[in-house]
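Participant: Sharing a structure here in C-alpha cells format.
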Amino acid sequence: MSFISQNPLQKRRLERVGADDDSDQGLGSPIAVGAENGNETKSENRKKEKKRKKAKALEAKEAKENKEREEMKKLESSLFGALYAPPQFGTEVEVADRDKDAPSFFMDRSAGDGEDDFPVYEEGLSSEEGDDMNVRERKPAWEDDEEMTEVDISKVARLRKLRKEADEHVISAKEYEARLRGQHAKLNRFAGWADMDRKAPLLGLSDNESDEEGGVDDILRNNDELVVKDNAKLLPDMLGFSRLVDANAQEPSSGPINSVQFHRNGQLMLVAGLDKHLRFFQIDGKRNPKIQSIYIEDCPVYKAAFLPDGSEVILSGRRKFFYSFDLVNAAVSKIGPLTGREEKSLEHFEISPDSKTIAFVGNEGYILLISSKTKQLIGTLKMNGNVRSLAFADGGNQLLSSGGDGHVYHWDLRTRKCIHKGTDEGSLAGISLCTSHDSSLFATGSTSGIVNLYKRDDFLGGKRKPLKTIENLTTEIGEMKFNHDAQILAISSRKERNGMRLVHVPSRTVFQNWPGPRFSLHYPRCLDFSPGSGFLSVGHAGGKVLLYKLHHYQNA
C-alpha cells in the first residue's frame with residue numbers, strides 16, 4: 001500500500017520537473033529562435049515598404065513639378081520666344097550662309113506715324129560744331145510774361161548787400177537774379193558740383209584751362225568783381241562774418257589781454273597781458289594750437305608787437321626797461337634803462353613799417369627814437385604838451401603824434417623836424433592815432449569817444465575839416481586800426497561793454513550788424529586784423545581772444 005501510494009506522488013513530481021525542463025529547453029531551442037527571427041523580418045519589411053512608398057511619393061512629386069516646369073517653359077517660349085534653348089555646338093550658322101546684304105539692325109517706327117517720328121527730345125538738343133549732340137540745354141519749363149522787370153534793392157535791408165554802389169537803388173530783374181546767384185556763390189563757394197550746365201570738371205584743370213573749356217561757373221563769370229577778387233569793393237551796412245574758436249582757447253590768460261597781433265605770415269599770433277605771459281598760437285580757425293609760452297617775471301605786459309620783418313617781439317610795461325624776444329634764437333633780452341633818460345614807464349611804443357625804428361612815448365612831450373638793431377637811443381623829438389599816441393606813415397619816414405594840446409604833429413624822421421602841425425577838430429586831448437597801410441588816411445581818437453577820419457594829403461594841405469566824425473562810442477578811444485586795404489576801420493573803447501565798432505571807410509558808415517545780439521565782446525582792450533583781413537581778433541578784459549572770420553576776404 002505504501003509502495004502504491006507513493007508512485008502517484010513521484011509521478012507528479014517527475015511531471016513537474018519535466019515541465020520545468022521543457023520550459024528551459026524551449027528558451028534555447030531552435031524553434032524559439034526561429035520565431036524571434038520571423039518577427040524581426042516582418043518589422044524590417046514594414047520599414048522597407050514605408051521607404052518605398054515615400055520614394056514613390058517623392059518621385060511622383062518631382063515628376064509633377066518637372067511636368068509643370070516644362071509646361072511653363074513651353075508657355076513662355078510661345079509668348080517670348082525660345083529663351084531657354086541651350087546652344088548646341090556644330091549647329092552654328094556659317095557667315096557665308098548669311099545674306100550679306102541684310103541689315104545688321106532695323107529701326108522700329110511702330111510708335112510714330114512717319115519716318116522722322118522719334119520718341120526723344122529733339123528740341124532740347126544742341127551741338128557745338130557737331131561734336132556734342134548728347135548735351136541738352138536746360139530750358140525754363142514756364143515763363144511769366146507779367147513778372148517784375150525792376151527791383152528796388154534799397155528798400156529791404158537784406159538786399160542792400162547786393163548793391164555795387166552805395167547810391168544804387170533800382171536794378172533790372174535779370175541783374176537782380178545774377179546778383180542773387182553771385183551772393184549764393186560767395187557764401188557757398190564749393191557747390192559747383194550742383195551745376196548741371198558744367199561742360200568740364202574743375203578737378204585737374206588749371207584756371208586758364210577751365211576758363212577755355214567752360215569749366216568755371218557762369219555765376220563766377222558774371223560777378224567775379226563782386227565774388228572772387230580780394231580787392232573788390234566791400235559793401236556798407238551789413239558785414240558778413242562768423243565767430244570761430246577763441247584764438248587762445250587752449251590756454252586763456254588769467255588777466256586782461258593788452259596785446260594781440262598777427263605775424264606777417266598770417267598764421268602765428270602773439271597774445272600778451274597783465275599775467276606776465278607772452279603766448280604764441282597757430283591760427284587755423286578750428287583748434288588754434290598753442291606753440292609756446294614765455295613768462296616775464298618782473299614785467300606785466302602792457303604792449304607787445306612783432307617787428308614788421310617778423311624776426312623779433314618787443315614787450316614793454318610800466319618799467320624803465322623793455323624786453324626783446326628773438327624768434328629765431330628763442331632768446332629774451334632786457335634793454336634799459338635808457339642812458340640819459342629818466343622815464344619811469346615805457347609802456348607805449350610804435351614800430352616803423354621798415355623795422356628800423358621803435359618810437360617810445362616819453363615824459364614832458366618827448367618822443368624817444370630807438371634803433372631796432374642796436375636797441376640804443378638814436379634821437380628825440382619834442383612837442384608841446386604831453387604825448388599820448390604815435391603812428392608811422394610814409395613807410396617809416398614820417399611819424400604822427402598827438403597829445404594833450406589837441407593837435408596832430410607830422411615829423412620827418414630823416415631831418416628830425418616837425419613838417420606840419422594841425423588842430424584835431426573837436427578834440428581836447430588826443431589819445432589814439434592810426435594810419436592806413438598806404439598812409440593816405442589817418443584817424444584820431446579822443447577822450448570823449450569821438451573819432452575823426454582824415455585824408456592825410458588834405459590835412460597837410462591845410463584842410464582841417466575831417467572826412468567823417470564818428471560818434472558811436474561815448475567813452476575814451478583805446479585802440480584803432482585800419483585793415484590792409486583800408487576798407488574797414490576798427491575802433492574800440494576799454495571802458496564800455498561791447499565798446500567796439502567797425503566802420504565802412506568808403507561810405508563813412510558803421511556796420512549795423514556788428515557785433516550783433518548773439519555775440520558779446522566783454523570789455524575790448526586790443527584788436528588786430530590778419531595780413532589779408534580774413535581774420536579779426538579781439539582781446540578783452542576777461543582773458544580771452546575772440547576770433548572772427550570776415551567772409552569778404554579770402555586770405556588770412
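Participant: Give the Rg/Rh ratio for the stretch 284-433, taking Rg as the radius of gyration of the Cα atoms and Rh as the Kirkwood radius, to two decimals.
Facilitator: Details: Rg = 16.2 Å, Rh = 16.3 Å.
Rg/Rh: 1.00.
Participant: Here is a follow-up. Taking R0 as 35 Å, what's the FRET efficiency between Asp354 and Glu177 from their Cβ-Cβ distance, rounded to 0.05? Each step should come with its number before you reach the end.
Facilitator: On the way: r = 49 Å, r/R0 = 1.40.
Calculated transfer efficiency: 0.10.
Participant: Looking at the stretch 241-550, I'd like the Rg to Rh ratio, where Rg is from alpha-carbon atoms and Rh is Kirkwood's inverse mean 1/r. Walk me through the numbers on the way to the answer.
Facilitator: Values: Rg = 18.3 Å, Rh = 19.5 Å.
Taking Rg over the Kirkwood Rh, I get 0.94.
Participant: So who's got an amide H within less than 5 Å of the one on Thr509, skipping anything under 5 residues away but keeping other chains? H placed 1.01 Å off N, in plane.
Facilitator: His504
Participant: Once amide H atoms are placed 1.01 Å from N in the peptide plane, what residues at a sequence separation of 5 or more from Leu390, or on another chain, have their amide H within under 5 Å of its amide H?
Facilitator: Amide H neighbours of Leu390: Leu433.
Participant: Enter the per residue convex hull volume of the stretch 353-503, computed from alpha-carbon coordinates, in Å³ rounded to the nearest integer.
Facilitator: 109
Participant: As a test of reading the structure, rank Tyr548, Tyr302 by solvent-accessible area (1.4 Å probe, protein chains only), most first.
Facilitator: Numbers: Tyr548 0, Tyr302 60 Å².
Putting Tyr548, Tyr302 in descending order of accessible area: Tyr302, Tyr548.
Participant: Something else about it: Please list, ordered by chain and number, the residues whose modelled amide H lies under 5 Å from the amide H of Asn248; skip anything fewer than 5 residues away on the same chain.
Facilitator: Amide H neighbours of Asn248, under 5 Å, 5+ apart: Val545.
Participant: Would you mind pulling out the separation of the Cα centroids of the stretch 360-432 and the stretch 286-305, in Å?
Facilitator: Here the answer is 28 Å between Cα centres.
Participant: For the stretch 454-459, just list the computed ³J(HN,Hα) in residue order, Karplus coefficients 6.51, -1.76 and 1.60, θ = phi - 60°, integers in Hz, with x standing in for Gly and Pro.
Facilitator: Along the stretch 454-459, the couplings run 10, 8, 5, 5, 5, 5 Hz.
Participant: Can you put Arg264, Arg388, Arg318 in order of accessible area, largest first, using a 1.4 Å probe?
Facilitator: Details: Arg264 155, Arg388 95, Arg318 130 Å².
Sorted by accessible area, descending: Arg264, Arg318, Arg388.
Participant: Pop out the carbon and sulfur fraction of the accessible area of the stretch 241-550 as a percent, whole number, probe 1.4 Å.
Facilitator: Working: 5700 of 12490 Å².
Carbon and sulfur together cover 46 percent of it.
Participant: Here's another thing I want to ask about it. Given a 1.4 angstrom probe, what's the average accessible area per residue across the stretch 311-450, in square angstrom?
Facilitator: Details: 5920 Å² over 140 residues.
Normalised by residue count, the accessible surface of the stretch 311-450 is 42 Å².
Participant: Further question on the same structure: For a Förster distance of 22 Å, can you work out the FRET efficiency between the beta-carbons of Arg52 and Met72, rounded to the nearest 0.05?
Facilitator: Computed FRET efficiency for Arg52 and Met72: 0.10.
Participant: Along the stretch 530-541, what does the Karplus equation 6.51 cos²θ - 1.76 cosθ + 1.60 (θ = phi - 60°) give for ³J(HN,Hα), rounded to whole Hz, x for Gly and Pro?
Facilitator: Per residue, the Karplus-derived 3J(HN,Hα) values read 5, x, x, 6, x, 10, 10, 10, 9, x, 10, 5 Hz.
Participant: Sticking with this structure for a sec: Taking a 1.4 Å probe, which of Thr380, Thr444, Thr374 shows the most accessible area, and what order do the others take after it?
Facilitator: Working: Thr380 60, Thr444 5, Thr374 80 Å².
Sorted descending by solvent-accessible area, the residues read Thr374, Thr380, Thr444.
Participant: In whole Hz, with x marking every Gly and Pro, tabulate ³J(HN,Hα) for the stretch 260-270 from phi via Karplus 6.51 cos²θ - 1.76 cosθ + 1.60, θ = phi - 60°.
Facilitator: After applying 6.51 cos²θ - 1.76 cosθ + 1.60, I find 9, 7, 7, 6, 5, 7, x, 10, 9, 10, 9 Hz.
Participant: Still on this model: In whole percent, what relative contact order does the stretch 241-550 give with Cα contacts below 8 Å and a gap of six or more residues?
Facilitator: It comes to 15 percent, rounded to a whole number.
The values are calculated or read from the model by the stated rules, or taken from the named source; none is laboratory data. Since we're looking at a predicted model, the values are computed, not measured. When we count neighbours, we look across all protein chains shown, and the Cβ atoms used for this are built from the backbone with ideal geometry, even at glycine. All accessible areas refer to the heavy atoms of the entire protein, side chains included, with ligands and DNA or RNA removed. Shrake-Rupley method; radii C 1.70, N 1.55, O 1.52, S 1.80 Å.
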